[in-house]
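Novice: The structure is given below, and queries will be raised subsequently.
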Amino acid sequence: MFRGKAALVTGGGSGIGAAAAMRLGQEGAAVAVADLNGESARATAERIVSAGGRAVAVQADISSEADNARAFDEAESAFGGLDFAFLNAGALQDYVPLDQVSLALFDRMIAINLRGPFLGLKLAQARLRRGGACVVTASAAGLTGFPDGLAYAAAKHGAVGLVRSAARDFAARGLRVNAICPGMVLTPMLGLPPTDSVVPPDALELPDYRGGIIPQAVAEVALFLLSPAAAAVNGQAQLVDAALLSAFAPLPEE
């Protein structure tokens with residue numbers, strides 16, 4: 001479904017973005033890998049190329065309007081156009097209560113996790129070829145409260161609102177846009193070592209109930225939402241959380 005198509009993946013240097021970029025490459029897409037860390041973006045792109053795919057790396061700060069435009073420009077220049085955008089880049093805040101959330105922390109979360117997707121969505125809606133799609137990485141914290149991650153949750157709630165509100169204008173151009181809302185993903189963002197491997201999708205293991213999820217398990221849902229198989233899915237926020245938000249938390253043992 002991706003052969004002969006081109007995709008831009010932000011935050012593609014590690015975690016969910018790297019897994020999605022590599023899987024898109026395996027499925028035949030040409031991939032522009034964008035990341036704030038240019039070295040990490042190049043490493044992902046090189047792995048796609050070494051496996052026989054097509055990829056370019058772009059160093060970009062998604063909170064910058066100019067960097068977002070340059071990422072789309074370089075992807076289009078390399079591949080002659082774009083069909084898909086996975087706006088995955090984001091940042092997690094330190095876990096602190098409300099009275100310890102500084103204005104600088106709040107502004108940083110809004111700049112990366114809300115301004116960034118807004119800028120990317122505007123470009124995707126204007127530039128993706130008809131029949132294409134965009135996916136934004138929000139969070140389970142974009143659908144419920146997160147007392148020790150207030151600024152992060154506020155920005156991710158906003159990202160979900162952007163996606164739902166943009167669906168009409170994407171559809172008017174023959175495009176779709178959706179969000180994924182991961183739970184606890186085992187990535188460097190949580191201080192874990194990076195993993196460089198992806199496995200055949202049918203070899204993915206079931207995560208523990210309400211447990212941690214490997215990046216590829218989230219990436220596979222993003223690929224589905226980008227693909228024509230999800231043609232009727234537009235303006236939605238899909239949880240990928242191993243049932244984290246499926247029920248009340250267990251009662252404490254007496």
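Novice: Determine whether segment 90-110 contains at least one residue that is crowded, with 22+ Cβ neighbours inside 10 Å, under 25 Å from LEU226 (Cα atoms) and either among the aromatic types (Phe, Trp, Tyr) or modelled with pLDDT of 95 or more (or both). Give the derivation first.
Specialist: Here is the first cut: in segment 90-110, the residues crowded, with 22+ Cβ neighbours inside 10 Å are 90, 109.
Those left that are additionally under 25 Å from LEU226 (Cα atoms): 90.
Remaining after also requiring either among the aromatic types (Phe, Trp, Tyr) or modelled with pLDDT of 95 or more (or both): 90.
Yes.
Novice: Across segment 207-254, what is the number of residues that are under 27 Å from HIS157 (Cβ atoms) and part of a helix (DSSP H, G or I)?
Specialist: Residues meeting the conditions: 13.
Novice: Can LEU121 be described as surrounded by fewer than 23 Cβ atoms within 10 Å (Cβ to Cβ) and among the hydrophobic types (A, V, I, L, M, F, W, C)? Let's see the steps before the verdict.
Specialist: Working: surrounded by fewer than 23 Cβ atoms within 10 Å (Cβ to Cβ): no; among the hydrophobic types (A, V, I, L, M, F, W, C): yes.
No; evaluated as a whole, the condition is false for this residue.
Novice: Okay, next question. Go through ALA18, ALA7 for me and flag whichever is over 21 Å from PRO228 (Cα atoms) and either modelled with pLDDT of 95 or more or part of a helix (DSSP H, G or I) (or both).
Specialist: Numbers: ALA7 fails: over 21 Å from PRO228 (Cα atoms).
On inspection, the qualifying residue turns out to be ALA18.
Novice: Out of everything in segment 26-71 that is surrounded by fewer than 19 Cβ atoms within 10 Å (Cβ to Cβ), of a type in the set (S, T, N, Q) and more than 17 Å from GLY90 (Cα to Cα), what residue ends up being nearest to the chain's Cα centre (by Cα)?
Specialist: Residue satisfying both the conditions and the ranking: GLN26.
Novice: Right, next: Does VAL240 qualify as being of a type in the set (A, V, I, L, M) and under 23 Å from SER14 (Cα atoms)? Show your work before the answer.
Specialist: Numbers: of a type in the set (A, V, I, L, M): yes; under 23 Å from SER14 (Cα atoms): yes.
Considered against the rule, which asks whether it is of a type in the set (A, V, I, L, M) and under 23 Å from SER14 (Cα atoms), VAL240 comes out as yes.
Novice: I need every pair where a residue in segment 148-168 that is free of Cβ contacts under 8 Å to residues at least 60 places away in the same chain and acidic (Asp, Glu) has its Cβ under 6 Å from the Cβ of a residue that is surrounded by fewer than 20 Cβ atoms within 10 Å (Cβ to Cβ) and not in a helix (DSSP H, G or I), sequence separation at least 6 or different chains.
Specialist: ASP148/TYR95
Novice: Taking the condition at pLDDT below 95 and not β-branched (Val, Ile, Thr), does SER139 pass?
Specialist: Working: at pLDDT below 95: no; not β-branched (Val, Ile, Thr): yes.
Answer is no for this residue.
Novice: Considering only segment 77-89, I want to know if a residue exists there that is surrounded by fewer than 16 Cβ atoms within 10 Å (Cβ to Cβ) and closer than 18 Å to GLY12 by Cβ.
Specialist: Let us first name the residues in segment 77-89 that are surrounded by fewer than 16 Cβ atoms within 10 Å (Cβ to Cβ), namely 77, 80-81.
If we keep only those that are closer than 18 Å to GLY12 by Cβ too, we end up with 77.
Yes: one or more hits.
Novice: Would you mind finding the one in GLY132, GLY142, GLY149, GLY120 that is under 17 Å from the mean Cα position of the chain (by Cα) and within 18 Å of THR187 (Cβ to Cβ)? Even if it seems obvious, please write down each step before you answer.
Specialist: Working: GLY132 fails: within 18 Å of THR187 (Cβ to Cβ); GLY149 fails: under 17 Å from the mean Cα position of the chain (by Cα); GLY120 fails: within 18 Å of THR187 (Cβ to Cβ).
Selected residue: GLY142, the only one of GLY132, GLY142, GLY149, GLY120 that is under 17 Å from the mean Cα position of the chain (by Cα) and within 18 Å of THR187 (Cβ to Cβ).
Novice: Separate question: Can you tell me which residue in segment 1-25 is surrounded by the most Cβ atoms within 10 Å (Cβ to Cβ), limited to those that are within 11 Å of the chain's Cα centre (by Cα), within 20 Å of GLN125 (Cα to Cα) and of a type outside the set (Gly, Ala, Ser)?
Specialist: Looking at the filtered set, the residue picked out is VAL9.
Novice: Also: Would you confirm whether any residue within segment 212-220 is in contact with a helix residue (DSSP H, G or I) (Cβ under 8 Å, 6 or more places away or on another chain) and exposed (fewer than 14 other Cβ atoms within 10 Å of the Cβ)?
Specialist: no
Novice: When you scan segment 107-125, how many residues do you find that are under 13 Å from GLY90 (Cα atoms) and among the polar types (S, T, N, Q)?
Specialist: Residues that pass the stated criteria total 1.
The values are calculated or read from the model by the stated rules, or taken from the named source; none is laboratory data. These numbers were taken from a predicted model, which means no experiment stands behind them. Methodologically, a virtual Cβ is constructed for each residue, glycine included, from the backbone with ideal geometry; neighbour enumeration extends over all protein chains shown.
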